[in-house]
Amino acid sequence: MYIDEVTLSFIITEISRLTFWNFNYNFNIGPRIGSCNTFTIRMTLTSWLQETEYHHQVALVLILLASLWLLKRPRNLPPGPPALPIVGSLPFINMNDPLNTFSRLAKNYGAVCSVYLGSRLVVLLSSYDVIKEAFVRNGEIFSDRPRSFRKELYRNKGFLSNGQEWKDQRRFTLTTLKDLGLGKISLEDKIIEEIEALLTVMQKKLPCSSSDVHSLTATATSNIICSMAFGSRFEYHDKEFKKLQALMDIFFINSTVSAALDFFPLLRYLPGDPFNYYASLRNVAELNAFIGEAIREHRDHFSPGNVEDFTDAYLHKMQEHGHLHTNFTGNCFTTEFPTVLVCIP
């Protein structure tokens, strides 16, 4: 167990504040043995025990026990700053300047160090050699995605999966999008078609404000993506198209607001949904319903010899695998679509 003087000072200061009494304390930090420091704490408690109420004494004991237990670091964990219950190491680091903060941590604790951001343990790699060792020489070990609220929403499927499933999905998505014209001259016809539609709408709206231009340009870009995903473009006033854009806007907003849930999972239980936990659940359900309807329409008219868009290609891939154990299933299909739709503004 590694507890330095800063941590002990913090604990005793907090105890003093809670018990309305100042302690006389000093430290005797012994020699380091491996990752451990032997230490003793001597405090003058006689007068305090005589004058302090019973519940304050109980609070002292509970705080000390909880702090000492939660400050323990596993033996094989890289060194790092101390951690406190719930907030982790946040009181000891400046997250307003993360680059310099992490640089100082690397200087103090080495190229491989660890820090608790809330309840999330994060290992920092701060040199070219250790990064290459982790992600090149041991890439298979370090390739999985960390636990996150988004992975929970999508049940670790599709673009948020790990291992072989993620490799299969990524390979299929990149290959299919390239076949549909991504990065090729063949996509030029769809772009020109959309530009002509954009100019027609802008002429009808003259004079256009800057917000109108931004909105129309975003809609045009979205339509190009939709033509690859669903095989057809939408009219600019189409209600379903506007609904899809609104859902994607909410998706990105929720992704930002709910990021705190990755580090403080208990925040999801706060009244009023301040971190958009339930709003994210509703948004993903509505997105899945929209995508599911598009998939059902394609399935009703699907022909293996006529693959025209990403949806057709995925249905064809699912048909090839049939009922065999495969990473191409209906659930993966639904959760893979955000990979394509993520470009929709």
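The values are calculated or read from the model by the stated rules, or taken from the named source; none is laboratory data. Everything quoted here is computed from the prediction, not taken from an experiment. Virtual Cβ from ideal backbone geometry, glycine too; neighbours counted across all protein chains shown. Each accessible area value is taken on the protein alone, full model and side chains, heavy atoms only, with ligands, DNA and RNA left out. Shrake-Rupley method; radii C 1.70, N 1.55, O 1.52, S 1.80 Å.
List the lysines whose Cα lies under 21 Å from the Cα of Lys190, skipping any in the same chain that are fewer than 8 positions away.
Candidates past the 8-residue exclusion: Lys178, Lys242.
How much of the accessible area of region 141-237, probe 1.4 Å, is carbon plus sulfur, in whole percent?
C and S fraction of accessible area: 58 percent.
In a shell of Cβ-Cβ distance under 14 Å around Ala134, excluding Ala134 itself, what net charge do Lys and Arg (+1) and Asp and Glu (-1) give?
Net charge in that neighbourhood comes out at -2.
How large is ³J(HN,Hα) for each residue in region 248-255, as worked out from phi by the Karplus curve 6.51 cos²θ - 1.76 cosθ + 1.60 (θ = phi - 60°), to whole Hz, x for Gly and Pro?
5, 4, 5, 4, 6, 4, 5, 4
Could you please put Ile86, Ile93 in sequence from largest to smallest accessible area, using a 1.4 Å probe?
So the residues, ranked largest to smallest area, are Ile86, Ile93.
Could you list which residues have their amide H under 5 Å from that of Leu117, counting only those 5 or more apart in sequence or on another chain, with H placed in the peptide plane?
Amide H neighbours of Leu117, under 5 Å, 5+ apart: Ser89, Val122.
What whole-number value in Å² describes the accessible area per residue of region 72-200 for a 1.4 Å probe?
Value returned for region 72-200: 62 Å² of accessible area per residue.
Just to verify a number: FRET efficiency for Glu133 and Thr221, C-beta to C-beta distance, R0 = 51 Å, to 0.05?
The value I calculate is 0.80.
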